[in-house]
Amino acid sequence: MGLYALIPLIPTGLPVSPVLFLIFIPLINFFRGSMTNFTDNILVRNCNELRLNFGAIRSVGSFLYMVGGVLISALLPMVGVPSTFWLSAVCMLPAILFAVCAREPHTKKPRTAPDGKKEKLNFGALFRSYSYVTFLLFAFLFYIACSCEGTFVPYFMKSVGADTEKYSILLAYRALFEIPFLLLMVKLRKRFPLKYLIMAAASFMAVECLCFSLFANSFLTILLFCTFFGLGNGLFLGSALNYIYDLAPDNLKASAQAFFVAVQSTAGILGNLIGGVVFDAIGAKLFYFSVFCLYLISIAIFAGSFLIRRKAPKESAAAETV
């Protein structure tokens, strides 16, 4: 919140200005980057403990994100870019208060050894889980593709002559289409294993990138194809976190989510670094076809892991897939 409030105070047009932005923006993202994952972590664990509908509650976040995107798009011409940072800082105040008051999920504490000392957490139980490790490998490639897809949409818009000031409308539209699958998640989980829902989610996102590379030529066509990403992201949000929750032993559920967040963050950094170089080298259309291929590779590795698993020894019950 403090860093957002300071951004408009950075002087523009001075030789030192780019350096200040280079310092402040990474600092903001250091704190902001994993915030969604931490809140989703708290939410999915509380929903499982209290038997609440995770998808329905999470859909509220997608709806408010959509509302925020529409509001920013409307306010930006009136208040200017600097004022939006101050508005963001003010809006974080109630969010911080809600976070302070939020219910802390219960984590099964390590057992006490006969000598009175608490047993150390055995992270090896997680990394001996074939299903968990293969999911992290899938997530690493998947989030490289996601970061490439999301970060360079404004550049893609510019390349086809679309108004980049409408980017927030795209974000709002995609958030709107996260809601249907989130609301249907309970019914979907009863009919399909979570691993199939995860692969379906990645497939939706891949279709968006394929359509970008082949057919997108205006803001309206980009908006239309963003439907696939919104549907896929809603399906992934509702299935991936619950998949990890089901895989992890009781006393390592928070740690399992934490390692997942670490993989996601690392993949996001690599995606942004590599993606920028590739985008400049091959152009917008071919770039998004490459991202489509990367999605397919991640899906193929995830699907292939289950074929290999059939020939491998069974894991312990605590690490079994759903």
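The values are calculated or read from the model by the stated rules, or taken from the named source; none is laboratory data. None of these values were measured; they are calculated from a predicted model. Neighbour counts are summed over all protein chains in view; Cβ atoms, including those assigned to glycine, are modelled from backbone coordinates with ideal geometry. These accessible areas exclude ligands, DNA and RNA; they are computed on the full protein's heavy atoms, side chains included. Shrake-Rupley method; radii C 1.70, N 1.55, O 1.52, S 1.80 Å.
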Prolate/oblate/rounded call for the range 149-221, Cα gyration tensor, a/c under 1.5 rounded: prolate
Can you run phi through the Karplus equation (6.51, -1.76, 1.60; θ = phi - 60°) for the range 251-261 and list ³J(HN,Hα) in whole Hz, with x for Gly and Pro? 8, 10, 5, 5, 5, 4, 5, 5, 5, 4, 4
Between LEU71, LEU20, LEU214, which gets the highest mean-square fluctuation from a Gaussian network model of the chain, Cα cutoff 10 Å? LEU20
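Restricting to DSSP H runs of at least four residues, report the calculated mean residue ellipticity at 222 nm for the chain, -39500 (n - 2.57) per run over all residues, nearest 500 deg cm²/dmol.
Working: 15 runs with 245 residues, N = 322.
My calculation for the chain gives -25500 deg cm²/dmol from helical runs alone.
Order of 83-93, 216-226 by packing, highest average Cβ count within 10 Å first?
Working: 83-93: 14.7, 216-226: 17.1.
Per-residue mean Cβ counts within 10 Å order the peptides as 216-226, 83-93.
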Tabulate in residue order the Karplus-calculated ³J(HN,Hα) for the range 14-30, using 6.51 cos²θ - 1.76 cosθ + 1.60 with θ = phi - 60°, rounded to whole Hz; enter x for Gly and Pro. 9, x, 7, 4, x, 5, 5, 5, 5, 7, 6, 5, x, 4, 4, 6, 4
Total lysine pairs whose alpha carbons fall under 26 Å of each other in the chain (8 or more apart, or interchain): 25
Tell me the label only: which of (i) 29; (ii) 56; (iii) 25 is percent of Cα pairs over 35 Å apart as calculated from this structure? (iii)
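Probe of 1.4 angstrom, ligands and nucleic acids ignored: what's the accessible area per residue over the range 1-109, in square angstrom?
Numbers: 7310 Å² over 109 residues.
Dividing the accessible area of the range 1-109 by its residue count gives 67 Å².
What is the packing order of peptides 181-189, 265-273, 277-285, taking the mean over residues of other C-beta atoms within 10 Å and listing the highest first?
On the way: 181-189: 18.7, 265-273: 16.8, 277-285: 14.2.
By packing density, highest mean first, the sequence is 181-189, 265-273, 277-285.
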So if I place +1 on the C-beta of Lys and Arg and -1 on the C-beta of Asp and Glu, and nothing else carries charge, what would the dipole magnitude of the chain be about its Cα centre? I want it in debye, nearest 20. 1140
I'd like to compare 154-160, 9-15: which one has the highest average count of other Cβ atoms within 10 Å, and what's the full order after that? 154-160, 9-15
Rounded to a whole number, what % of the accessible area of the range 1-112 do carbon and sulfur atoms account for, probe 1.4 Å? 75
Per-residue HN-Hα couplings for the range 123-139, Karplus 6.51 cos²θ - 1.76 cosθ + 1.60 at θ = phi - 60°, whole Hz, x for Gly and Pro? 5, x, 5, 6, 7, 8, 7, 4, 5, 5, 5, 5, 5, 5, 5, 4, 4
Going through the range 14-108, which trypsin sites (Lys or Arg not before Pro) have at most 15 other Cβ atoms within 10 Å and a DSSP loop state? ARG51, ARG103, LYS108
